[in-house]
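Data first, discussion second: the structure below is written as structure tokens.
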Amino acid sequence: MHALEQVWPRIAARQGDPNAAHGDPHLCADLQESETDGGGLGRGQFGRLQSQAAQSAHQHAIAEFQPVSGYLVMALLAGTCKVRLPRLTSTISVSFVLILVAIAELGYAEAIWLSASVAVVQTLWRARRQPKPIRIAFNTANLVLSTSAAFFVCRTVLDLAPSGLLPVLLMLATALLYASNSAMVAAVLCLAEDKPMRDIWQQCYFWSFPYYLVGAAVSGLMVATVRSAGWPFSFLVLPILTMIYISYRLQTSARPEATCA
């Protein structure tokens, strides 16, 4: 009977009976301490898990930001290596190689941000005359729309085709980027000068298509380097871009400039 009197307050206290708990004040204190320790342990574990999740998310954000920033820096540098098109007041640069890489490796928002930044830099960098805001807006919209068309078509094909068709996809992206970009400029010149659009496009842009094909090959080499060795090694392709720029500059300087725009 004495043993039952000692056990019963413990059972009642565990069941939440405050009156029975008064029968053993030491037991009540022990239970409160145990609950406090258990709650502290749970809060500590939750805090550690929350800290680990935040640290993991931070590392993931840095890992995603690094290649985007690296491609952006290379694209802006390439945008300064521009060549004035014969018979035109507009220019082209080797930055389209980085746009092709962005289409293959980055998301849509990153590719659009990169192309818009390149368009602004290419328009403003060492311009013969201060460009008007309407020209900056047109060049930016032109490159953004061209990048969007190439991105969605190539990503749609990429979802339906095996990954081994990367060279074909880059060639498709190059053709779309070249055709849409040059066609919009030729359309504006057609409206401004009242000339056939086909003649303007053929005289001013058709001969530069091999330049885009070489750039497509370089972008494929860059994508292969990124996927095999990591994005920092893509900077090793910059000397090749420099050689393309120099060769194209020599080629355009040898061409007589006529008035196509």
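The values are calculated or read from the model by the stated rules, or taken from the named source; none is laboratory data. The structure displayed is predicted, hence computed values, not measured ones. Neighbour counts run over all protein chains shown; Cβ positions are idealised from the backbone, glycine included.
Of the residues examined, VAL157 is not one that is among the aliphatic types (A, V, I, L, M), touching a residue at least 12 places away in the same chain (Cβ under 8 Å) and buried (at least 16 other Cβ atoms within 10 Å of the Cβ).
Just one of the numbered conditions (1) touching a Phe, Trp or Tyr at 6+ places or on another chain (Cβ under 6 Å); (2) farther than 16 Å from MET222 by Cα; (3) modelled with pLDDT of 90 or more is not true of PRO133: (1). Considered as a group, the residues in the range 99-143 that are touching a helix residue (DSSP H, G or I) at 6+ places or on another chain (Cβ under 7 Å) and not in a helix (DSSP H, G or I) include one that is nearest to VAL188 (Cα to Cα), and that residue is PRO131.
The residues on offer are ALA104, ALA111, and the sole one that is under 22 Å from SER180 (Cβ atoms), within 12 Å of the chain's Cα centre (by Cα) and modelled with pLDDT under 90 is ALA104.
Return the pairs, sorted by first residue and then second, in which the second residue is crowded, with 17+ Cβ neighbours inside 10 Å and charged (D, E, K, R), the first residue lies in the range 115-136 and is within 11 Å of THR91 (Cβ to Cβ), the beta carbons are less than 7 Å apart, and the residues are 6+ apart or on different chains. Final answer for the pair search is GLN122/LYS82; TRP125/LYS82. Among the residues of the range 48-60, none qualifies, meaning not one is part of a helix (DSSP H, G or I), more than 30 Å from ALA173 (Cβ to Cβ) and modelled with pLDDT of 70 or more. Set side by side, the residues SER146, SER90, SER180 differ, and just one is out of contact with any Phe, Trp or Tyr (no Cβ under 7 Å at 6 or more places or on another chain), closer than 20 Å to TYR71 by Cβ and either hydroxyl-bearing (Ser, Thr, Tyr) or buried (at least 19 other Cβ atoms within 10 Å of the Cβ) (or both), which is SER146.
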